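The values are calculated or read from the model by the stated rules, or taken from the named source; none is laboratory data. As the structure is a computational prediction, the values presented were derived from the model and not from experiment. Here the Cβ positions follow ideal geometry from the backbone for every residue, glycine too, while neighbour counts run over all protein chains shown. With ligands, DNA and RNA removed, areas are computed over all heavy atoms of the protein, side chains included. Shrake-Rupley method; radii C 1.70, N 1.55, O 1.52, S 1.80 Å.
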Amino acid sequence: MEITSNSCNKSKILIFGGTGYFGKHVVRASASFGHPTFVFVRPATPQMPPSSLQLRGEFRSLGVTLVQGELEEHEKMVSVLKQVDIVISVLPVSAIPDQIKIIDAIIAAGNIERFLPSEFGCEEDRITPLPPFEAFLEKKKKIRRLLEASTIPYTFVSANCYAAYFISLLLHPHDPRPDLVVYGTGEAKAVLNWEQDIAKYTIKVANDPRTRNRVVIYRPPGNIISQNELISSWEKKTGRRFEKVCVQEDELIKLSQIVIYAGLPSPDNIAVSILHSVFARGDLMSFDLDEDDLEASCLYPEIEYTTIDQLLDIFLVDPPEPARAALE
């Protein structure tokens with residue numbers, strides 16, 4: 001397949017996993033910044049849900065080119081890669097190891113100027129969470145080490161938490177209830193970034209020579225918040241008071257062990273460990289950034305990111321639909 005585009009002086013971006021929960025935001029951001037944007041998708045089937053067909057239609061209306069294929073089609077991937085400049089992977093949790101196939105194709109193509117593997121979570125080289133979340137991070141670290149040892153220009157992204165997903169999980173704006181669960185003491189700080197902003201930063205990062213072969217951490221100061229602060233803000237905006245049901249850290253540890261013994265499949269087996277890491281232990285804010293670290297809101301002050309306070313206003317009026325797929 002030959003890729004054509006009318007855009008000038010803009011890098012051509014190929015996205016894997018672009019129809020997923022977060023991937024669709026990356027595709028929209030790439031198109032909105034004027035980049036010739038291409039999405040590697042599985043071939044359409046009669047069993048495909050209407051929502052997936054609608055999303056593909058939306059992409060086409062934005063001028064996005066859909067390239068149908070499978071990750072097993074090495075030669076096809078190489079052919080497409082030779083016609084683009086940047087590759088962004090937003091493959092789901094279950095497909096993290098499959099990125100080796102993309103890396104092999106990038107090496108064979110020999111022309112890719114930047115590759116962003118599917119990370120978009122915590123800074124895995126600086127934390128040690130509970131298993132099985134730790135085992136999942138080891139898979140991501142394997143991809144990191146593979147890229148570091150290769151000649152492929154890369155950028156690793158630590159985007160922290162998807163704000164819309166976790167606000168839905170913690171505050172239940174679609175299903176109002178008298179009580180809310182608090183994990184740990186509720187005092188640990190987390191970083192909640194709106195998915196649309198994460199996507200915008202990611203396109204900027206992918207095209208920035210300063211971020212070549214570096215880690216970029218998304219830690220805007222207006223998005224650092226504890227559960228207790230989040231609930232307090234929500235109470236003020238809704239005019240309601242909520243009873244807090246505390247799940248202590250030791251209870252989360254026990255639950256994570258039960259999950260291991262139960263043999264639950266991914267991503268169900270990592271959910272408890274993530275809650276423990278992010279909200280009970282505060283791993284996202286467990287390390288300081290120094291002058292050698294790259295932080296997205298500092299690199300790109302021209303992007304007016306959505307603060308948690310502003311996002312809660314959006315949830316108050318028209319909350320985005322909750323999506324379990326954020327962990328898939």
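Would you kindly compute the Cα radius of gyration of segment 155-228 and its largest Cα-Cα separation (Dmax), both in Å?
Computed over the Cα atoms of segment 155-228, radius of gyration and Dmax are 15.0, 50 Å.
Which value results when the Cα radius of gyration for segment 15-155 is divided by 2.2 N^0.38 Å?
1.07
If you consider only alpha-carbon coordinates, what radius of gyration and Dmax does the chain have, in Å?
That works out to 19.9, 59 Å for Rg and Dmax.
Could you check the simple spin-label distance between Glu251 and Thr238, using points 7 Å along Cα→Cβ, in nm with one decimal?
1.9
Using the heavy atoms of the protein chains and a 1.4 angstrom probe, tell me the accessible area per residue for the chain in square angstrom. Before the final figure, lay out each step's value.
Working: 14890 Å² over 328 residues.
The answer is 45 Å² per residue.
Round to a whole number: what % of the accessible area of segment 198-259 belongs to carbon and sulfur, probe 1.4 Å?
With neighbouring chains kept in place, the figure for segment 198-259 is 50 percent.
Given a 1.4 Å probe and every protein chain left where it sits, what share in percent of the accessible area of segment 105-152 is carbon and sulfur? Please report the intermediate quantities before stating the final value.
Numbers: 1030 of 1970 Å².
Carbon with sulfur: 52 percent of the solvent-accessible area.
I need the peptides 30-43, 134-147 ranked by packing, meaning the mean over residues of other C-beta atoms within 10 angstrom, with the highest value on top.
With the highest mean Cβ count within 10 Å placed first, the list reads 30-43, 134-147.
Taking every alpha carbon pair in segment 78-131, what does the distance histogram look like in 10 angstrom bins from 0, in percent?
Using 10 Å bins, I get a P(r) of 22, 45, 25, 8, 0 for segment 78-131.
For each pair in Lys141/Lys254; Lys141/Lys204; Lys139/Lys200; Lys10/Lys204; Lys12/Lys82; Lys76/Lys139, compute the distance between the two Cα atoms and list the pairs where it is over 19 Å. Let's see the in-between values first.
Numbers: Lys141/Lys254 26 Å; Lys141/Lys204 23 Å; Lys139/Lys200 26 Å; Lys10/Lys204 12 Å; Lys12/Lys82 11 Å; Lys76/Lys139 26 Å.
Cα-Cα > 19 Å for Lys141/Lys254; Lys141/Lys204; Lys139/Lys200; Lys76/Lys139; rest within.
Measure nothing but the geometry: give the 0 to 90° angle between the long axis through the Cα atoms of 50-61 and the longest principal axis through the Cα atoms of the chain, rounded to 10°.
The answer is roughly 50 degrees.
Sort segment 32-95 into rounded, prolate or oblate with this rule: let a ≥ b ≥ c be the square roots of the eigenvalues of the Cα gyration tensor; rounded if a/c is under 1.5, and if a/c is not under 1.5, prolate when a/b is larger than b/c, oblate otherwise.
Here segment 32-95 falls in the oblate category.
Dividing the alpha-carbon radius of gyration of segment 208-311 by 2.2 N^0.38 Å (N being the number of residues), what value is obtained?
Ratio of Rg to 2.2 N^0.38 Å for segment 208-311: 1.38.
If you place +1 on the Cβ of every Lys and Arg, -1 on the Cβ of every Asp and Glu, and leave all else neutral, what size is the dipole of the chain about its Cα centre, to the nearest 20 Debye?
Working: 34 positive and 44 negative charges, 146 e Å.
About 700 debye.
For the chain, what is the calculated [θ] at 222 nm in deg cm²/dmol (nearest 500), taking -39500 (n - 2.57) for each run of four or more DSSP H residues and dividing by its residue count?
-11000 deg cm²/dmol
Above 22 Å lies some portion of the pair distances; for segment 97-190, what is it as a whole percent of all C-alpha pairs?
46
If N is the number of residues in segment 208-254, what value comes out of its Cα radius of gyration divided by 2.2 N^0.38 Å?
1.87
Quick check: convex hull over the Cα atoms of segment 122-259, volume per residue in Å³, rounded to an integer? Spell out each step's value before the answer.
Numbers: hull volume 17.9 nm³, N = 138.
Expressed per residue, the convex hull around the Cα atoms of segment 122-259 is 130 Å³.
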